[in-house]
Amino acid sequence: MNAERHRRLLSLMRDDLLAPVEAIAHTSQLLIDTAQDPDLEVPVQIQTDLAAVCAAARVLYQFVKENLDSSEIEAESEAGEFDEQLKMLRHNIRNQLNSILGPCQFLLMEEFHPRTEEQDRFFGTFNRDLEEIKLYAETCIDRLNEFAAGNVSTELSVSSSSELDLSGLDLVVVRKVEPAHVLVVDDNQLNREMLARFMMKMGHTCEYASNGREALAKIDVGDYDLVLLDIIMPEMNGIQVLKQLNVRGLLRHLPVLVVSGLDSTPEIVRCIEFGAEDFLSRPINITLLRARVNACLEKKRLREREFSQFFPTEIARQIAMRPEILDEGREADVTLLFCDIRGFSRISEKLHPADTVRWIRDVMELLSGCVLDNRGVLVDYIGDELVAMWGAPTEQPDHARLAVRAALDMLDKLPDLSRRWLPELGLPTRVGIGLNSGKAHVGNTGTARRRKYGPLGNTVNLASRVQGATKYVQTNLLITGSTRDQLGDDLPTRRLCTVKVNNIEAPVDLHEVVSASVPGWKELVERYEAALRAFETRQFRVAASMLGNLLLEHPGDGPSLLLISRVVNELINESEGEFDPVWPLPGK
């Protein structure tokens, strides 16, 4: 009884599919023969795609003839076993129909500009014949869907009422999605290439894997925005890949779109249950594929944008993939930047609260942009102070240089903002910036309920104190010796003094950094540092003479004014006690 039923089903499928497949092969062959006329100058890519359609149709025709032969069914064949075989046959036929419809959709997307009447006639026939090939392929899909649903009517209905509407052939992206990096996983080379062409038409880049194991190996080391995954593959199938990605926690942030010739509800449900974002059956509908891909990528981009408020783009992408790294506390080499808005209390007292908020927001927007543009992490906003970090959560060998570049950008861009706000504030907008480099513990510095990513340790405390020191040393930007040691000679600095800051025992060398365009900087540094050495070796009169001459030419140099006041103080009190060149700062 089973055998008879099975033979009837196979015979019906065979009879229904052979005719449209043969028509596809015949029509495509006629198009190839005409397109190869050298006088028509048909583009090579068109001829290549036509040849692919024709070859795929011949392969499918042979497959249907050989694999839907009812005489191969044994009388004792179990219903469950046969249904599984039938499901695989539908899967393979859908894959091969995809090899036909894919090139057809590309060919119909092309815009032709005929130059002769003969070309015009050819391309008019060309488009009509392609539409006919597509219609025959849709007929096959309709019949496969009917068999999957248990409808075995022998009446052949040539229509476009397939569950997949294949009429939308344009690839105009309605909603703009940023270019993405896509991993295409399929054991069929033609399927991989076809999906890649679709993705590249949408502006994305692609890599390939031919089985599940290769896909997992690439995901372990690669940075992908989306995975297009087949189910039936050798070594490790798509369901097993989804299970592994689920176990590793990657499916929370790496969308997987299953694209398969399998069409039954149980497979679709299993894929979704194991974490797939969505499921598409072959043959591929370009419009539907585009919509699903865009939806997956838009969700991922939204997650990344949440992190990009505080992290540079490349770090935000990594954190969106593995947010747990924010909780993984570790010791790291970092550079901390503290930037304080000068005179905030005095200015906010004069302004309406709403205007104060507008001003602070404007300033912080500028400062934050400088941090992110230089690949830094925005750690915190504390009232009128910004805290930023380089070197974590990802390693940055040049973290000190990046931090200094960000600080210089702040000072370069601030004057324009200051001019805009001067009429309302009545005072210029100024900042003090302090940087320090060293070891810090980075991770979640908040609680389990309220996470807060940032650094802890002496390196952080010292950076804060150095920012405070700018008020006493009369300069906008100070760095410690540990930061200076990591810079190259192209960033102009001068050593200003050695200080002892509040609550930190070890003395700290402070250096000033300025833009490379400051005129006369090299001479100023040489003369100042010579005076500083004289002061530190108790040659106070020599130092006073040097600084006096220096201030005649640079009367507004704050560090020189500060140093000469210290020299004069030592001259006055020269006979009282021992001399210590380390200056205890009077406050934070």
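Does residue 386 satisfy the condition of being over 21 Å from residue 509 (Cα atoms), aliphatic (A, V, I, L, M) and surrounded by fewer than 19 Cβ atoms within 10 Å (Cβ to Cβ)? No: the conditions fail for residue 386. If you filter segment 540-588 down to residues that are polar (S, T, N, Q) and in a helix (DSSP H, G or I), you find that the one that is modelled with the lowest pLDDT is 569. Residue-level check: of (1) open to solvent by less than 30 Å² (accessible area, probe 1.4 Å); (2) at pLDDT 75 or above; (3) not in a loop (DSSP other than H, G, I, E, B); (4) not acidic (Asp, Glu), residue 315 misses just (2). Only a single item in (1) modelled with pLDDT of 95 or more; (2) hydrophobic (A, V, I, L, M, F, W, C); (3) over 30 Å from residue 488 (Cβ atoms) is not met by residue 390, and it is number (3). Pairs meeting the criteria (first residue in segment 454-470 and free of Cβ contacts under 8 Å to residues at least 24 places away in the same chain, second residue buried (at least 24 other Cβ atoms within 10 Å of the Cβ), beta carbons under 8 Å, at least 6 apart or on different chains) are 456/440; 456/442; 457/440. For segment 277-308, the set of residues classified as of a type in the set (Phe, Trp, Tyr) and at pLDDT 75 or above consists of 279 only. For segment 354-380, the set of residues classified as within 17 Å of residue 443 (Cα to Cα) and open to solvent by 30 Å² or more (accessible area, probe 1.4 Å) consists of 380 only. Of the set (1) at pLDDT below 65; (2) under 29 Å from residue 384 (Cα atoms), all apply to residue 333 but (1).
Restricted to segment 444-484, and to residues there that are open to solvent by 70 Å² or more (accessible area, probe 1.4 Å) and touching a helix residue (DSSP H, G or I) at 6+ places or on another chain (Cβ under 8 Å), the residue that is nearest to residue 528 (Cα to Cα) is 474.
For segment 193-212, the set of residues classified as modelled with pLDDT of 85 or more and of a type outside the set (A, V, I, L, M, F, W, C) consists of 203, 204, 205, 207, 208, 210, 211, 212, listed by residue number.
For segment 332-353, indicate whether the set of residues that are surrounded by fewer than 21 Cβ atoms within 10 Å (Cβ to Cβ), among the β-branched types (Val, Ile, Thr) and either within 15 Å of residue 454 (Cα to Cα) or without any contact (Cβ under 8 Å) to a residue 24 or more places away in the chain (or both) is non-empty. No, that holds for no residue. Residues in segment 223-265 that are closer than 23 Å to residue 145 by Cβ and of a type in the set (Gly, Ala, Ser): 238, 260, 261, 264.
The values are calculated or read from the model by the stated rules, or taken from the named source; none is laboratory data. In this text, all values refer to a predicted model and were calculated from it rather than measured experimentally. Backbone-built Cβ (ideal geometry, glycine too); neighbour counts: all protein chains shown. Just so you know, the surface numbers come from the protein's heavy atoms only, side chains and all, with ligands and any DNA or RNA stripped out. Shrake-Rupley method; radii C 1.70, N 1.55, O 1.52, S 1.80 Å.
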